[in-house]
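What follows is a set of notes on a single structure, which appears directly below.
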Amino acid sequence: MSVEIKGIILVILGTSLFAIQDSLIKLIINQVSLTLILFVRASLGSFLIICFLFFTGRSLNVGSFYPKIAFLRTITYFVGFTCFYVSLSKIPLAEANSLFFLSPIIITILSIFFLGTPIGFHRIIAVVIGFFGSLLIIKPSYSDFNWYMILPIITAFTYSIGMLLAKLTSDKDSPFQQSFHIYIGSMIYSSFITILAIRGLPNFENEQLKFLYNPWVIDNIKNLIALIIIAFTGTLGIFCLIFAYNKGSPQSNAPFEYLLLFYSLIIGFFVFGEVPDLLSFIGIIAIFLSGIYIIYRERRKGELSISIQSNNK
């Protein structure tokens, strides 16, 4: 089996694990504190990284050659994916993930400023199509606007910044260092926010911010099992993508990450009874096509070096 095929298989496996993780978070987010979910997943991720490096005889370098950039990355990832998981409680799974997949488009735009990468006519067209697709999903209106639709876009934006920062530091910081920084940051931020919210807002009853001050209590075995599965699938999914991009090429791997959109549609329909309306479905297809086209153009030029989701969820 070629390394390219192995990479693709790992991407498919990793994407499948992320689909399970997202679905379970959507199922329990109104019952279990989101900050607890983030803390447990980050704790397990840190533990598994340490175990892997130990048993493979590799050294664990906790520090960073770029501490300020590493610190900024931890903030962007934590804020971004907190927004994403909050959105799962309010909008359909497929729409949330499709809006997140604006990230290749945003990376294309931000690369101009971060990496000095020029953007040609074909990429401009892809960006316009992706933006048009997002509007079809969001359906902005002054009278009835769902602000939760903005949260996955915030995730796509912060994630894109994080990926570009990872690219800037990849010459000295390994993928395991970068992942470890994100996990440690998530553990610290989730604990701090929860303590601050509970002490500062003990009687604050706002449904939109409920996830901030929910106590770290698990009141039934089903939620406990779901939390454990979330931690394992999220962590193993990240490892799959790290190894996929170490083995195979980004040009071959990246298109298969869009399987997450297909999973989201299927799971959304059969588990949550979610059926995107016609405009949303067209928007999902538009974002999918624009992202694939950007990958295709970069594949022809041999420039694709940033994974769509590696190190993300």
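The values are calculated or read from the model by the stated rules, or taken from the named source; none is laboratory data. Keep in mind that what you see is a predicted model, and the values were worked out from it rather than measured. Because the Cβ atoms are built from the backbone with ideal geometry, glycine has one as well, and the counts that use them run over all protein chains shown.
Tabulated values for the structure
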quantity: Members of segment 112-128 that are crowded, with 16+ Cβ neighbours inside 10 Å and at pLDDT 75 or above; calculated: 126, 127
quantity: Hits in segment 1-44 (condition: farther than 24 Å from residue 264 by Cα and small (Gly, Ala, Ser)); calculated: 2, 43
quantity: Residue match in segment 281-302 (condition: surrounded by fewer than 16 Cβ atoms within 10 Å (Cβ to Cβ), farther than 28 Å from residue 76 by Cα and modelled with pLDDT of 85 or more); calculated: yes
quantity: Complete set of residues in segment 155-186 that are within 24 Å of residue 33 (Cβ to Cβ) and surrounded by fewer than 19 Cβ atoms within 10 Å (Cβ to Cβ); calculated: 184
quantity: Test result for residue 75, surrounded by 14 or more Cβ atoms within 10 Å (Cβ to Cβ), more than 28 Å from residue 152 (Cβ to Cβ) and aliphatic (A, V, I, L, M); calculated: no
quantity: Qualifying residue in segment 237-244 (condition: part of a helix (DSSP H, G or I), more than 28 Å from residue 189 (Cβ to Cβ) and at pLDDT below 90); calculated: no
quantity: The listed residue being in contact (Cβ under 8 Å) with a residue 24 or more places away in the chain and aromatic (Phe, Trp, Tyr), out of 47, 81; calculated: 81
quantity: Failed criterion for residue 36 (all others in (1) touching an Asp or Glu at 6+ places or on another chain (Cβ under 9 Å); (2) surrounded by fewer than 22 Cβ atoms within 10 Å (Cβ to Cβ); (3) part of a helix (DSSP H, G or I); (4) of a type outside the set (Phe, Trp, Tyr) hold); calculated: (1)
